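S.K.: Below you'll find the structure I mean.
The values are calculated or read from the model by the stated rules, or taken from the named source; none is laboratory data. Note that this is a predicted model, so its numbers are computed, not measured. No Cβ is skipped: glycine too gets one built from the backbone with ideal geometry, and neighbour counts run over all protein chains shown.
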Amino acid sequence: DAKTTQPPSMDCAEGRAANLPCNHSTISGNEYVYWYRQIHSQGPQYIIHGLKNNETNEMASLIITEDRKSSTLILPHATLRDTAVYYCIVRYNNDMRFGAGTRLTVKP
Amino acid sequence: KAGVTQTPRYLIKTRGQQVTLSCSPISGHRSVSWYQQTPGQGLQFLFEYFSETQRNKGNFPGRFSGRQFSNSRSEMNVSTLELGDSALYLCASSLAQGYQETQYFGPGTRLLVL
């Protein structure tokens, strides 16, 4: 599986957009980009995934660069409840290889 | 639709004992994967079951085993517990096998080995 690189931590003001970057420069053609988040040692929560095109759902948007070497998860209006560790995963096999993730802190 | 459920939620065992954890997938999901999460190693894949067969296995010793029943419910067993087995054990289910299938996680079982 391709490795991902994420900043260890980020802050965001409540109500503002949170943009979480992920670098996956060794991604190959069939590998999907998945995003999960984990709030205070609960089970990881699925957010969104994509292959080539940008994706949007009720939780977030996923922007994947044209060369697919990086992506950005966007939480359009962050709330205090969005404080969590966010994991970017590049997935080919059925198992998922989690990195250290980005600890996002949303501040009032 | 109910989510993935795991029992028990918390467990305390002593070294040398064995433990069995249970996972009930989302209704209709046939694939179940297990993960171990520790502060030092993060989230690590243990194994995956589909149609009652282990399809994929992570890099864990043979003390870690699992099985899946015909109703897709799964159990994992850890024998001869070690202090280092203290962790949050997470179960995830998906409709089928495959990297296109989104995995949905349960709340986890927190195991403490004394």
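S.K.: Looking for something among the polar types (S, T, N, Q), surrounded by fewer than 20 Cβ atoms within 10 Å (Cβ to Cβ) and modelled with pLDDT under 95 - is there at least one such residue anywhere in segment B:77-87?
M.R.: No: zero hits.
S.K.: Which is within 17 Å of A:HIS40 (Cα to Cα), surrounded by 19 or more Cβ atoms within 10 Å (Cβ to Cβ) and more than 14 Å from the chain's Cα centre (by Cα), of A:VAL85, A:VAL106?
M.R.: Exactly one residue qualifies, and that residue is A:VAL106.
S.K.: A further question on this structure: Can you say whether A:THR102 is in contact (Cβ under 8 Å) with a residue 12 or more places away in the chain, away from every other protein chain (no Cβ under 14 Å) and of a type in the set (Ser, Thr, Tyr), as far as the supplied structure shows?
M.R.: Taking the combined requirement at face value, the residue does not satisfy it.
S.K.: Is it the case that segment A:65-85 has a residue that's within 13 Å of chain B (Cβ to nearest Cβ), in a loop (DSSP other than H, G, I, E, B) and of a type in the set (Ser, Thr, Tyr)?
M.R.: Checked segment A:65-85: no residue is within 13 Å of chain B (Cβ to nearest Cβ), in a loop (DSSP other than H, G, I, E, B) and of a type in the set (Ser, Thr, Tyr).
S.K.: While we're on this one: What's the total number of residues in segment B:97-114 that are more than 8 Å from chain A (Cβ to nearest Cβ), under 12 Å from the mean Cα position of the chain (by Cα) and part of a loop (DSSP other than H, G, I, E, B)?
M.R.: Selection size over segment B:97-114: 0.
S.K.: I'd like to check which strands (runs of 3 or more DSSP E) are fully inside segment B:1-96 and have at least 1 residues that are more than 12 Å from every other protein chain (Cβ to nearest Cβ).
M.R.: Per the criteria, B:5-7, B:10-13, B:19-24, B:53-57, B:64-68, B:74-78.
S.K.: A follow-up question, please. From the set of residues in segment A:17-44 that are within 14 Å of another protein chain (Cβ to nearest Cβ) and surrounded by fewer than 16 Cβ atoms within 10 Å (Cβ to Cβ), which is nearest to B:PHE105 (Cα to Cα)?
M.R.: Looking at the filtered set, the residue picked out is A:GLN42.
S.K.: Being surrounded by fewer than 19 Cβ atoms within 10 Å (Cβ to Cβ) and of a type in the set (S, T, N, Q) is the filter here, so list the residues in segment A:46-82 that pass it.
M.R.: Across segment A:46-82, the qualifying residues are A:ASN53, A:ASN54, A:THR56, A:ASN57, A:SER61, A:THR65, A:SER70, A:THR72, A:THR79.
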